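Comments concern the structure below.
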Amino acid sequence: MPTEQGLKTIDDIKAKWFPKGYRSKPQGGKDYRYSRKGQAEFKKAARLQAIKHKEVIA
């Protein structure tokens with residue numbers, strides 16, 4: 001059960017850290033996960049991760 005002091009604390013934190021409000025979903029932006037650029041970035045990251053894991057195992 002929320003208390004008055006707890007709700008006040010939460011409101012103070014929101015006012016301090018989110019002065020313009022909080023949006024749960026990103027507004028705008030381009031999703032390029034399935035584009036050529038996104039796929040290349042994913043492959044590069046997977047390759048680097050595989051190298052890192054190989055070094056840890058060896």
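Counting only protein heavy atoms and a probe of 1.4 Å, the accessible surface of the chain is 59% carbon and sulfur.
Bridging of LYS37 to lysines at a Cα separation below 23 Å is possible for LYS52, once same-chain residues fewer than 8 apart are set aside. Here the spin labels are modelled as points 7 Å beyond Cα on the Cα-Cβ line, and at THR3 and LYS20 they lie 3.5 nm apart. Rounded to the nearest 10 degrees, the angle from helix 36-57 to the longest Cα principal axis of the chain is 80 degrees. Each peptide in 16-25, 1-10, 34-43 gets a packing score, the mean of other Cβ atoms within 10 Å over its residues, and the list from highest to lowest is 34-43, 1-10, 16-25. Between 0 and 90 degrees, the angle of helix 4-17 with respect to the longest Cα principal axis of the chain falls at about 50 degrees. Taking Cβ atoms as reference points and 15 Å as the exclusive limit, the residues near TYR34 contribute a net charge of +3, counting Lys and Arg as +1 and Asp and Glu as -1. Taking Cβ atoms as reference points and 13 Å as the exclusive limit, the residues near GLN49 contribute a net charge of +3, counting Lys and Arg as +1 and Asp and Glu as -1. Simple point charges give the picture: +1 on the Cβ of Lys and Arg, -1 on the Cβ of Asp and Glu, and for the chain a dipole about the Cα centre of about 540 debye.
Dipole orientation for the chain: of the candidates THR3, VAL56, SER24, VAL56 has the Cα lying most toward the positive pole (charges on Cβ; Lys, Arg +1; Asp, Glu -1).
Multiplying each eigenvalue of the alpha-carbon gyration tensor of the chain by 5 and taking the square root yields semi-axes of 42, 21, 9 Å, largest first, rounded to whole angstroms.
The values are calculated or read from the model by the stated rules, or taken from the named source; none is laboratory data. Remember, predicted model here, so these are calculated numbers, not experimental data. With ideal geometry, Cβ positions are generated from the backbone for all residues, glycine too; neighbour counts draw on all protein chains shown. Ligands, DNA and RNA are stripped out before the accessible areas are found, and what is left, the full protein with its side chains, is counted by its heavy atoms. Shrake-Rupley method; radii C 1.70, N 1.55, O 1.52, S 1.80 Å.
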